[in-house]
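The numbers here are math on the coordinates, done by the rules we state, and not lab data. Note that the structure is predicted; figures quoted are calculated from it, not measured. Here Cβ is always computed from backbone atoms with ideal geometry, including for glycine, and neighbour counts include all displayed protein chains.
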Amino acid sequence: MKRISYALLAIALIFSACTEENLDMGKPDHAGGPKKDKGGDDGGSSDGSVTYYLTGSSEDIQTNSSLGYLLAGGASDQKSWFDWMVNKSDSGDFVIIRTDDSNGYNDDTFIEGANSILTLVINDQTSANSDFVRDKIRGAEALFIAGGNQTEYYDFWNGTEVENSIHYLVNEKGVPVGGTSAGLAILGEFAYIPQSSGVISSEALNDPYHHYMETIKTDFLQLPGLANIITDSHFSERNRLGRTITFMARLIADGVVSSYQDVKGIAVDEFTAVAIEANGDAKVLGDGNYEDYAFFFSANSIPDQCEDGQSLHWTDAITAYTVKGVLNPSNSFNISNWNSLSSAAQLQQVNVNYGSISNDIQQPD
C-alpha cells in the first residue's frame with residue numbers, strides 16, 4: 001500500500017505543478033530556463049534588493065534605436081528573433097526583466113552584437129521601485145520580458161517604476177520591446193491576469209464567466225500601436241482558440257470597448273514571433289522545423305449570447321488572418337489598419353455555436 005500511496009502522491013504533485021499558465025514545455029536556457037550559473041561575467045550580483053546578471057560592457061552607450069515589438073509564442077526562442085531586436089537597438093544595451101532568478105538569456109552568442117546583456121530579477125514592488133531598476137531599464141536600447149507568470153508581473157510591476165520606465169522607452173526613447181509567453185501576455189492593452197489557474201478553451205466556451213476567466217486587466221502597460229489588443233501564446237499547442245475568442249466576447253459584452261470593432265487579438269504559436277515595426281507592419285518569424293502560425297483576430301459583431309453560466313453563442317464572430325512563420329519573412333500584415341499586406345496572410349472565418357467552434361484554424365504540430 002505504501003508504494004501505491006507514494007506513486008499517487010507523486011502523480012498529484014506533478015499534476016498540480018502543470019497548470020495551464022505555468023506549464024514548462026522543457027524550455028532551454030535561451031528561453032529563460034533553469035540555468036543559474038553563478039560564474040563568469042554574468043555571475044549573480046545584487047544591488048540592494050535587486051539580483052542582476054551582466055554580460056558584456058558595464059559602460060552605458062547611446063545608439064539610434066527604433067521602436068518596434070516582438071511578440072513571441074513561448075517555446076524555444078530563435079536567434080533570428082533577437083537578431084531583429086538587436087538590429088532595432090542599433091547594437092545598444094539589451095535588458096531582460098523577469099521575476100524568477102535565472103540568467104538564461106545572458107548568452108552573447110545568442111543575443112549577438114549587443115553592447116551588453118543585463119538581466120534584472122524584479123520579484124517585489126520594492127525592487128520594482130528602486131532607482132537601480134529604473135535607471136537600468138531607462139538606459140536600455142532593447143527590452144525583453146521573459147516568460148514566467150503574468151500575475152506576478154502585474155502584482156509586482158503595475159504602478160511602479162518598472163511600468164513607468166517601459167512607457168518611457170516606447171513613448172520617449174523609442175526602443176524595441178518584446179516578450180514571450182507571460183511576457184507577451186502583458187504587452188497588449190488588455191491583459192489576462194489569472195488569479196488562480198489559467199482558463200482552458202472548453203471552460204471559457206461553456207461559460208464565458210467561468211471563475212478562471214475572472215480578470216482581464218486594462219490598467220497595466222499602454223503601448224503605442226498595441227491599444228485595443230489582447231494577446232495569447234502557446235496558441236495551437238495548448239488549444240487556446242476558444243479562450244481567445246471568449247476573451248474578445250467578454251470585452252465586448254462587458255462594455256470594456258465602446259464598439260465590437262475596437263477589440264482585436266493577436267495569438268502566436270510556440271515557434272513563431274511577430275515582429276512589428278513602428279508603422280504597424282508585421283512579419284512572422286518562424287523555425288523551419290515547425291509549421292507554426294500567428295493569428296490576427298477582429299470581431300465581426302456583438303455576441304448573440306455571452307452570459308454567466310451559459311455557453312457562448314456568436315453566429316458572426318471572428319475574422320482571422322493566419323500567417324505561417326518562416327525563416328526570412330516579408331511584411332505580411334499591418335496592425336495599424338488591420339489589413340493583409342501579402343498573400344501570406346490567409347483569411348478565415350470562425351463562429352461559435354453554443355460553445356462549439358465552427359472552424360478550428362489552429363495548427364498544432
- Run the dipole for the stretch 181-327 about the Cα centre, Lys and Arg Cβ at +1, Asp and Glu Cβ at -1, nothing else charged, and hand back the magnitude in debye, nearest 20. 160
- Query: Relative contact order, percent, of the stretch 237-340 when contacts are C-alpha pairs under 8 Å separated by at least 6 residues?
  - Reply: 27
- Message: If packing is taken as the average number of other Cβ atoms within 10 Å across a peptide's residues, how do 95-106, 297-308 rank, most packed first?
- Response: 95-106, 297-308
- Query: In deg cm²/dmol and to the nearest 500, what is the mean residue ellipticity at 222 nm of the chain if only DSSP H runs of at least 4 residues count, each as -39500 (n - 2.57), divided by the residue total?
  - Reply: -6000 deg cm²/dmol
- Query: Can you give the Rg to Rh ratio of the stretch 113-180, both from alpha-carbon atoms, with Rh computed by the Kirkwood formula?
  - Reply: 0.93
- When the dipole is taken about the Cα centre of the stretch 48-174, and only Lys, Arg (+1) and Asp, Glu (-1) are charged at their Cβ, what size is it in debye, to the nearest 20? 220
- Task: Compare the Cα positions of Leu120, Gln363, Tyr209 along the charge dipole of the chain (+1 at Cβ of Lys, Arg; -1 at Cβ of Asp, Glu; about the Cα centre) and return the one farthest towards the positive end.
- Result: Gln363
- Have a look at Val121, Val256, Val175 and tell me which one the Gaussian network model of the chain (Cα, springs below 10 Å) gives the largest fluctuation. Val256
- Message: Test of the criteria: in the stretch 190-281, which GluC sites (Glu not before Pro) are in a DSSP loop and have at most 12 other Cβ atoms within 10 angstrom of their Cβ?
- Response: none
- Query: Between the stretch 127-163 and the stretch 256-332, how many Å separate their Cα centres?
  - Reply: 26
- DSSP beta bridges in the chain: the antiparallel percent, rounded to 5, is 65
- Among 348-361, 183-196, what's the highest-first ranking by average C-beta atoms within 10 angstrom per residue? 183-196, 348-361
- Task: Of the listed values (i) 64, 49, 37; (ii) 64, 58, 40; (iii) 57, 47, 44, grab the one calculated as Cα extents along the principal axes in Å from the structure here.
- Result: (ii)
- Message: With +1 assigned to the C-beta of every Lys and Arg and -1 to the C-beta of every Asp and Glu, and no other charges, what is the dipole magnitude of the chain about the Cα centre in debye, to the nearest 20?
- Response: 500
- Message: Could you order the peptides 309-320, 49-60 from most to least packed, using the average number of other C-beta atoms within 10 Å per residue?
- Response: 309-320, 49-60
- Message: Please compute the contact order of the chain in relative form: average sequence separation of alpha-carbon pairs under 8 Å and at least six residues apart, divided by the residue count, as a percent.
- Response: 15
